[in-house]
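In what follows, a single structure is set out as structure tokens and then discussed.
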Amino acid sequence: MHGSDIGSFSIDTSNSIIRIMVWKTKISDVGIKLVTSSAASLGEIKVANTLINQWEQLTFDFSAHIGGLAYDQLVVFPDFVARSANDTMYFDNVFGDAAYLGDDEISRNTTTVFPNPTNGIVTVKSDSRIDLIALYSIEGKLLVQAKNRTTLDMTSFKSGVYILRSIENGIPTNHRILKN
């Protein structure tokens, strides 16, 4: 309800990141939208989960919306595709211990992917432990994923642009990869 529950807040440099934990039985976009007391919104930000049948932390970056509006609602869209009776989705830790509004408590890691462009093996290097790497087509189709690995063999893939998502300490990072 407007004016109750989470109170009123605005987006600034110290609180522009929202994280939530999700558990889903399929890969699809999750959206978060912030709404003002007059029902104005800048629209939702969408992030796709990369894991199924397990918990994953998703990060929503609202830094492009810093300043101006005061919000009093947070709306979560569980996905943007048709759902069946067999689909299950859970959300947890919205503004909780592991998920919070604000990036002042996060240590920013420097992640590099090389060589890029590549003809074969791609290496992901990070200051943090890499839990998962996944390769997606430019259309968003999952092509391959590997747990607890830092390399990915792309020799069998066609030339083109791909998205490599690395999950480091539960935080996803996307990288564009050019395959020659």
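The values are calculated or read from the model by the stated rules, or taken from the named source; none is laboratory data. None of the values given here were measured: they were computed from a predicted structure. Here the Cβ positions follow ideal geometry from the backbone for every residue, glycine too, while neighbour counts run over all protein chains shown.
With respect to T118, determine if the residue is outside the structural domain of S28 (by TED's automatic domain parsing), within 17 Å of P172 (Cα to Cα) and not aliphatic (A, V, I, L, M). Steps first, please.
Numbers: outside the structural domain of S28 (by TED's automatic domain parsing): yes; within 17 Å of P172 (Cα to Cα): no; not aliphatic (A, V, I, L, M): yes.
It is false that T118 is outside the structural domain of S28 (by TED's automatic domain parsing), within 17 Å of P172 (Cα to Cα) and not aliphatic (A, V, I, L, M).
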Condition check: at pLDDT below 85 and of a type in the set (S, T, Y). Does S41 satisfy that? no
Tally of residues being of a type in the set (A, V, I, L, M) and either not assigned by TED's automatic domain parsing to the domain that holds P115 or not in a strand (DSSP E or B) (or both) across the range 129-176: 2
Filter result for the condition that a residue is over 21 Å from D131 (Cα atoms) and in contact with a Leu (Cβ under 9 Å, 6 or more places away or on another chain), over S37, S63, S41: S41
Can you tell me which residue in the range 20-45 is farthest from E139 (Cα to Cα), limited to those that are surrounded by 16 or more Cβ atoms within 10 Å (Cβ to Cβ) and not hydrophobic (A, V, I, L, M, F, W, C)? T36
Could you please find all residues in the range 121-130 being surrounded by 18 or more Cβ atoms within 10 Å (Cβ to Cβ) and under 15 Å from P172 (Cβ atoms)? V124, I130
For the range 89-113: of the residues being at pLDDT 80 or above and surrounded by 13 or more Cβ atoms within 10 Å (Cβ to Cβ), which is nearest to I52 (Cα to Cα)? M89
